[in-house]
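The values are calculated or read from the model by the stated rules, or taken from the named source; none is laboratory data. Please read all numbers here as calculations on a predicted model, not as lab measurements. Cβ placement follows ideal geometry from the backbone for every residue including glycine, while neighbour counts extend to all protein chains displayed. We work out accessible area using only protein heavy atoms, side chains counted, and drop any ligands, DNA or RNA first. Shrake-Rupley method; radii C 1.70, N 1.55, O 1.52, S 1.80 Å.
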Amino acid sequence: MKFSPWRILLVSAFVAGSSFCFADAPGASEDPSLRIWTNKSTGSTVEARPIALNMKTVKLVTTAKKPITMPLEKLSEEDRAWLEEHKEVIGKPVAEWSSVPSGPVAEEMKGKTYMLENGKLEKKDGKLNPGHFILYFSASWCGPCCRNAPHSVEAYNKAVKDNPDVEVIMCNLDQNLEAAQKWAAANNMPWPILLRQDLTELAKKVAPRGIPTMILVDKDGKPIQSSQDMEQLVKAAGSSRSSR
């Protein structure tokens, strides 16, 4: 099999330890298959999406549309685990990746949240692929929560709605669906809502003593920071991602 000079250069540099930084293609930030790959031997990295996978290699394409064929044995354990988790959708259209949870947090939440549609809460998932989640503990019977909600709606629409790396899950502590729905409709809440009776094990584990409280966790459920300011946590998520 013959390889183009570009492919030979890219593979050689990646294997040798060079890191590439290409300008994002339009819409790249919205592609859940785009990630950073690491050569476990050299520590070098490259940002690319996988387009084909077999028993020995994975074919990657960078955001500059340059191909790389990488032996699986040279990838980090995290990369190989990610490939195993997503092997069913590799090579398929980006739209089909939206239903693949990014980790344990999304896996627990999938199929359990509601979203506001035409004034009613309907079963629907939010973003399942982000690297971070903000668990927003709140309730309509809590005065400070009611004062915080409009500011949080504004912050979500500004900093989270179109951010592929962060999703907010409201852990609503009202007694029932009707109360949660009335409050969501009154504030036009744009995020996924997890009802009190459906709280996941992770949500219960990190639940705060007082509300309103927002807890930033990574996709594996590791707590990073807590606050009542959603935009502050979005910034913290960005800092967490860049420090990896």
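Computed over the range 100-244, relative contact order equals 31 percent, with contacts defined as Cα pairs under 8 Å that lie 6+ residues apart. Take each peptide in 120-127, 227-234, count the other Cβ atoms within 10 Å of every residue, and average; sorted highest first, the result is 227-234, 120-127. Label the range 35-152 by shape, choosing from rounded, prolate and oblate, from the square roots a ≥ b ≥ c of the eigenvalues of the Cα gyration tensor; if a/c is under 1.5 it is rounded, and otherwise prolate applies when a/b is larger than b/c, oblate when it is not. Prolate shape, in that a/c is at least 1.5 and a/b is the bigger ratio.
For Lys56, the lysines whose Cα comes closer than 23 Å to its Cα, not counting residues fewer than 8 places off in the same chain, are Lys2, Lys40, Lys65, Lys66, Lys74, Lys87, Lys92. Heavy atoms of the protein chains alone define the surface here; on that basis the range 134-185 has 43 Å² accessible area per residue at 1.4 Å probe size. Count the net charge of all other residues whose Cβ sits under 10 Å from the Cβ of Val168, scoring Lys and Arg as +1 and Asp and Glu as -1. Net charge around Val168: +1. For the set Ile211, Ile51, solvent exposure ranked by accessible area (probe 1.4 Å, protein chains only) runs largest to smallest as Ile51, Ile211. Packing here is the average count of other Cβ atoms within 10 Å per residue, and on that basis the peptides 190-202, 69-81, highest first, run 190-202, 69-81. Only lysines eight or more places from Lys204 in sequence, or on another chain, were considered; those with a Cα closer than 26 Å are Lys110, Lys112, Lys120, Lys123, Lys124, Lys127, Lys161, Lys182, Lys219, Lys222, Lys235. Quick one: with all protein chains in place, what share of the accessible area of the range 81-125 is carbon or sulfur, to the nearest percent (1.4 Å probe)? That share works out to 48 percent. In this simple spin-label model, placing a label point 7 Å from the Cα along the Cα-to-Cβ direction at both Ile36 and Glu178 gives a separation of 5.0 nm.
Protection proxy ranking, highest mean first, for peptides 31-38, 213-220: 213-220, 31-38, where packing is the per-residue count of other beta-carbon atoms within 10 Å, averaged.
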